[in-house]
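Derivation of every value follows stated rules applied to the coordinates shown; laboratory data play no part. These numbers come from a predicted model, not from an experiment. Positions of Cβ are backbone-derived with ideal geometry, glycine not excepted, and every protein chain shown enters the neighbour counts.
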There are 2 protein chains.
Amino acid sequence: MAADPLSRVFSALADPTRRDMVARLAVADATVNELAEPYDVTVQAVSKHLKVLQDAGLVSRTREAQRRPVHLEAEVFDLMTRWIERYRRQAEERYRRLDDLLRSMPDGTEPTPPPQTGAPT
Amino acid sequence: MAADPLSRVFSALADPTRRDMVARLAVADATVNELAEPYDVTVQAVSKHLKVLQDAGLVSRTREAQRRPVHLEAEVFDLMTRWIERYRRQAEERYRRLDDLLRSMPDGTEPTPPPQTGAPT
DNA sequence: ACTGTTGTCAACCGGTAGGTTAAATAGCAG
DNA sequence: CTGCTATTTAACCTACCGGTTGACAACAGT
């Protein structure tokens with residue numbers, strides 16, 4: 001199983017069934033059997049999906065009598081949003097600067113662009 | 001290969017190496033060999049990663065002499081952000097309403113909410 | 001016309017993801 | 001204690017994923 005949290009979250013949401021579960025859990029908590037009902041897979045398969053979501057920190061389970069309601073934990077979304085926004089912004093900034101650059105030299109001279117960088121995580 | 005775009009994007013970003021490539025491409029376009037340099041995998045492996053990113057719509061390639069610079073396409077990020085924000089908001093709305101509910105009945109009467117779990121005592 | 005560089009394609013391999021069935025665990029109702 | 005319901009665990013199977021090596025295509029430079 002993927003070591004880093006970001007990989008776990010992205011990987012968890014890469015499955016349509018799991019995304020659908022998240023969508024339904026955003027509306028209301030639900031038990032495993034309730035969650036399994038709409039899909040034509042076994043309850044065990046759904047239980048596995050739930051484990052993936054839980055390992056990704058997307059859901060939590062609380063013991064309530066013999067049932068174990070599943071609850072959506074929305075905070076983890078921030079992890080993704082922050083990652084995405086970071087690079088989206090960076091890319092947009094690039095375009096902006098490229099625009100400026102092109103506008104500032106209609107003669108086509110190459111002004112030796114900044115040196116390459118190493119990559120962050 | 002995953003049919004729906006959302007699965008493809010999430011799946012593509014579930015790999016740390018691919019996320020790192022995206023991070024570097026946010027800074028500047030790069031060729032396959034340049035991209036491969038920091039990692040201790042073969043160029044072929046990187047080429048495969050690139051194909052995944054491309055199928056997800058995250059990068060595009062433009063033919064330039066014998067090189068094929070890779071370019072980050074940031075628009076696809078919106079697809080994810082929209083999905084995430086939608087359910088995050090929905091979940092937060094749920095909490096808000098639950099708060100209101102609890103605040104609105106200090107007598108402890110149960111107004112028969114939807115046949116839900118977690119009935120407060 | 002060769003040679004070197006850049007990149008892809010094909011075949012293969014080990015590991016893991018997602019599904020199944022069958023058995024085990026946990027709690028509630030008689 | 002027995003049985004019913006809800007859920008997880010175990011064992012297994014198949015398919016895909018990420019990596020490899022080896023061969024090949026396209027182009028630049030000499």
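Within the set of other residues whose C-beta is less than 14 Å from the C-beta of A:Arg97, count the net charge using Lys and Arg as +1 and Asp and Glu as -1.
Details: positive: A:Arg89, A:Arg94, A:Arg96, A:Arg103; negative: A:Glu92, A:Glu93, A:Asp99, A:Asp100, B:Asp29.
My count for the surroundings of A:Arg97 gives -1.
Each of A:Gln66, A:Val22, A:Phe10 was scored by the projection of its Cα onto the charge dipole of the stretch A:5-75, and the greatest displacement toward the positive side belongs to A:Gln66; charges sit on the C-beta of Lys, Arg, Asp and Glu. Relative to the Cα centre, the charge distribution of the stretch A:40-83, modelled as +1 at Lys and Arg Cβ and -1 at Asp and Glu Cβ, gives a dipole magnitude of about 220 debye. Ignoring aspartates and glutamates fewer than eight residues from A:Lys48 along the same chain, the ones with Cα atoms less than 18 angstrom from its Cα are A:Asp15, A:Asp20, A:Asp29, A:Glu34, A:Glu37, A:Asp40, A:Glu73.
Projecting 7 Å from Cα along the Cα-to-Cβ direction, the label point of A:Arg63 sits 6.5 nm from its equivalents in the other copies, listed shortest first.
When A:Pro16 is represented by a point 7 angstrom out along its Cα-to-C-beta vector, the spacings to that point in the other copies are 3.1 nm, nearest first.
Evaluated with a Cβ-only charge set (Lys, Arg +1; Asp, Glu -1), the stretch A:5-75 carries a dipole of roughly 220 debye about its Cα centre, given to the nearest 20. Sparsely packed loop sites in the stretch B:16-110 (the GluC sites (Glu not before Pro) outside DSSP H, G, I, E and B with at most 16 other Cβ atoms within 10 Å) comprise B:Glu73, B:Glu75.
Distances, shortest first, from the label point of A:Thr31 to those at the same position in the other copies read 6.2 nm; the point lies 7 Å along Cα to C-beta.
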